[in-house]
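Taken together, the values in this text are just the output of simple stated rules run on the coordinates, not laboratory data. Predicted model only: the values in this text are computed from it and were never measured. No Cβ is skipped: glycine too gets one built from the backbone with ideal geometry, and neighbour counts run over all protein chains shown.
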Amino acid sequence: MRLQAKGIDVAYDGRRVIEGLDLTIPDGKVTAIIGPNGCGKSTLLKTLARLIRPTKGQVLLDGQDIHAAHTRDVARKLGLLPQSPLAPEGITVADLIARGRAPWRSLLGRWSPADTAARDAALAATALEDLADRPIAALSGGQRQRAWIAMALAQDTPILLLDEPTTYLDLPHQVDLLRLLGRLNREQGRTVVSVLHDLGLAARFSDHVIVMSGGKVLAEGPPSEVITASTLATAFGLEAVVIPDPIANTPLVVPV
Amino acid sequence: MKVALVIAALVAGVVMSLSLGARPVPLADIRAAVTAFDPSDPNHLVIRDLRLPRLCAALIAGVGLALAGVLMQAVTRNPLAEPGILGVNAGAGFAVVLGVYALGLSGAASWLAFPGAALAAAAVFLLGGGARAGSGGGATPARLALAGIALNALLISLISALVLMRAEALDVYRFWIVGSLAEAQMRPLLPMAITVLVGVVLAFASAPGLDALALGDEAARGLGTRTGLVRATVLLAVTLLCGGAVVVAGPIAFLGLAVPHLARMIASRSVVSTLAVALPLGPAILLAADVFGRVVMPPAELRVGTTAAALGGIIFILIARRMRPGEVT
Ligand SMILES: Nc1ncnc2c1ncn2[C@@H]1O[C@H](COP(=O)(O)OP(=O)(O)OP(=O)(O)O)[C@@H](O)[C@H]1O
Ligand SMILES: [Mg+2]
């Protein structure tokens, strides 16, 4: 397994947010992380992506402590879309996506045909071709979100970590995006990990679900085993009935 | 195309700067002064002893301030950041003046410009959110601008106090408060040219990292950017660029503000191309300001700090008028 966390503690200003967490991200699968607001999902993703150093334990990428690896090597293996990225003012969609190529470019930053190919593939995958020359500021929230995802795709990493990629998207675009992630996984063998809030969509479009609560992993496994009335009650304090989804037979959460 | 215009403007600025002034020198004499110098020809003497040093000083200061402005705006993500307004130039100037008047140093005092600029730039970066890597950390644009302006005012008043206590030549005051290219021949031009050149190289080296930083620290690090290294490089570059500029021309304001905005209108979005346009544009505007100050009311001369602030201010007002809300340039 390429990405693992071993007994990590993570703290902000001495306040522990994640405690003794062990986790293995299954290779070549689509994984969803779910859990209530503030339970540490973003913190976990940032720690896995080397943005935060755990106070205890370590994150291993290909068996090596991720903090011992070169920043650029990590960025070629693992891409992260943060929950609230900043768009530089005036930047266009195509420019933003091009910035995803940063870890692949030489010191002088010469643009290569491979860069063009990756940018165009990302534009096509997110259906943004027609908006390529629009400034980001002139897009709707959902279009903007797709532009960010396209940037992460252009980074062309075998492992993709996405923090709430479906926020701001309408239901059809949420479904489109999750299908796109599924395609990237099946056709290119990429490992995809996303934080999602819609439990039904998480169940429907993931191979593996990780339920977090209070900085710990409460349960993990295939959606049908993990998304149950009792885990939901413990993690979210939500009373719900879980019934099979009539189309895919995956768990569907109906609050009581 | 537009870039060609900028370069043409720079060439025109160079020629005018050499030929115009209290004693106009025809083009042929300028060439001869360089290729076949004749010490008995007053025109040759003017070119070699006064105008060429002055031109060099303008090139050094124009490049230094313009690139420092681009870097500061990029690293603080603040379109108002500028070495003049935020006190970096004044920090350099204050350190030199302190060296001369309080410590009794002479030539060596020039080098104090660099620690002075570094301290002021570090203060600006800390306020601009450079220190805190987390998202949402750091200062709001308003806080950065207010603190920078306050720092600048304080340093300028300290410089005035030190200079005016001595009540020597008004020229000293003009140089350290306003900025001036007169007496450029007395400045350490060669060392400052080398220093600014190193700053230019560092500026271009930090450009890809600054492009990534514009996406926020987390995204930048996710893209493999060593954010601390980029910030440290920028801090060093700004120090060398501003320190060098201030030693040869004094704390000129507004050039570093107007040039990056103008350059972004001409260049594409990336920091590299903005730097590449600012590189000829900075000295072109500074030379235009200097030539204007020399010809407007001869034989007296307006100091370049005054004319550059006026020209930079006018340019900036025009740019600001064209800006729509939520847009940088
Ligand atoms: N930069 C920070 N400094 C201090 N505390 C933080 C910081 N970021 C997050 N926290 C705290 O850490 C805890 C976990 O935050 P995190 O962002 O990981 O939650 P999350 O599960 O992603 O929540 P959400 O669903 O709202 O995005 C919260 O209590 C939060 O207040
Ligand atoms: Mg979060």
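Residues with beta-carbon under 12 Å from that of A:Lys46, excluding A:Lys46: net charge, scoring Lys, Arg +1 and Asp, Glu -1?
For residues surrounding A:Lys46, the net value is +1.
Among B:Ala81, B:Ala61, B:Ala182, flag the residue with its Cα farthest along the positive direction of the charge dipole of region B:53-323, charges on Cβ as +1 for Lys/Arg and -1 for Asp/Glu.
Value: B:Ala81.
Considering the Cα positions of region A:34-92, please state its Rg to one decimal place and its Dmax as a whole number of Å.
For region A:34-92, the Cα radius of gyration and maximum Cα-Cα distance read 13.7, 42 Å.
Going 7 Å from the Cα of B:Ala310 in the Cα-to-Cβ direction, what parts of region B:53-97 have a backbone nitrogen less than 16 Å from that spot?
Under 16 Å, as judged by backbone N against the label point of B:Ala310, lies no residue of region B:53-97.
Kindly provide the Kirkwood hydrodynamic radius of chain B in Å, to one decimal, from all pairs of distinct alpha carbon atoms.
19.9 Å
Normalising by the residue count of region B:53-323, find the relative contact order in percent from Cα pairs under 8 Å and 6+ residues apart.
Averaging sequence separation for qualifying contacts and normalising by length gives 31 percent for region B:53-323.
Just from its helices, what would the mean residue ellipticity at 222 nm be for chain B, if runs of 4 or more DSSP H residues each count -39500 (n - 2.57) and the sum is divided by every residue, rounded to the nearest 500 deg cm²/dmol?
My calculation for chain B gives -22000 deg cm²/dmol from helical runs alone.
Quick check: net charge around B:Thr233, other residues with Cβ under 15 Å of its Cβ, Lys/Arg +1 and Asp/Glu -1?
Every neighbour counted, the sum reads +1.
For Cα pairs less than 8 Å apart in space and 6+ apart in sequence, what is the mean separation divided by the residue count of region A:92-156, i.e. the relative contact order in percent?
56 percent
With a/c under 1.5 counting as rounded, go ahead and sort region A:1-125 into rounded, prolate or oblate using the C-alpha gyration tensor (a ≥ b ≥ c being the square roots of the eigenvalues; past the cut-off, prolate if a/b is larger than b/c, else oblate).
prolate
Checking the cross-link filter: which aspartates and glutamates have an alpha carbon closer than 13 Å to that of A:Lys41, excluding same-chain neighbours under 8 positions apart?
Within the straight-line cut-off, A:Lys41 pairs with A:Glu19, A:Asp163, A:Glu164.
What's the long-distance tail for region A:1-59, i.e. % of Cα pairs beyond 19 Å?
Beyond 19 Å sits 25 percent of the P(r) for region A:1-59.
Determine the sum of side-chain charges near A:Val74: Lys and Arg each +1, Asp and Glu each -1, restricted to other residues whose C-beta is under 15 angstrom from that of A:Val74.
+4
Testing the spin-label approximation: label points 7 Å from Cα along Cα→Cβ at A:Trp111 and B:Leu190. State their distance in nm.
4.2 nm
If the cut-off is 17 Å between C-alpha atoms, which lysines fall inside it for A:Lys56, apart from same-chain ones fewer than 8 positions away?
Here the lysines satisfying the reach criterion relative to A:Lys56 are A:Lys6, A:Lys46, A:Lys216.
Work out the P(r) tail for region A:92-156: percent of alpha carbon pairs separated by more than 19 Å, whole number.
Result for the distance tail: 24 percent.
Starting from the Cα gyration tensor of chain A, multiply each eigenvalue by 5, take the square root, and state the resulting semi-axes largest first in whole Å.
30, 23, 16
On a straight-distance basis, which lysines could pair with A:Lys29 in a cross-link, Cα separation under 17 angstrom, same-chain partners fewer than 8 positions away excluded?
Within the straight-line limit of under 17 Å, A:Lys29 reaches these lysines: A:Lys77.
Under the rule of -39500 (n - 2.57) per DSSP H run of 4 or more residues, summed and divided by the residues of chain A, what mean residue ellipticity at 222 nm is obtained, to the nearest 500 deg cm²/dmol?
-9500 deg cm²/dmol
What percent does the relative contact order of region B:149-307 come to when contacts are Cα pairs within less than 8 Å and at least six residues apart?
Reported relative contact order: 28 percent.
In Å and on Cα atoms, what radius of gyration and Dmax does the protein assembly as shown show?
Answer for the protein assembly as shown, Rg first and Dmax second: 28.7, 102 Å.
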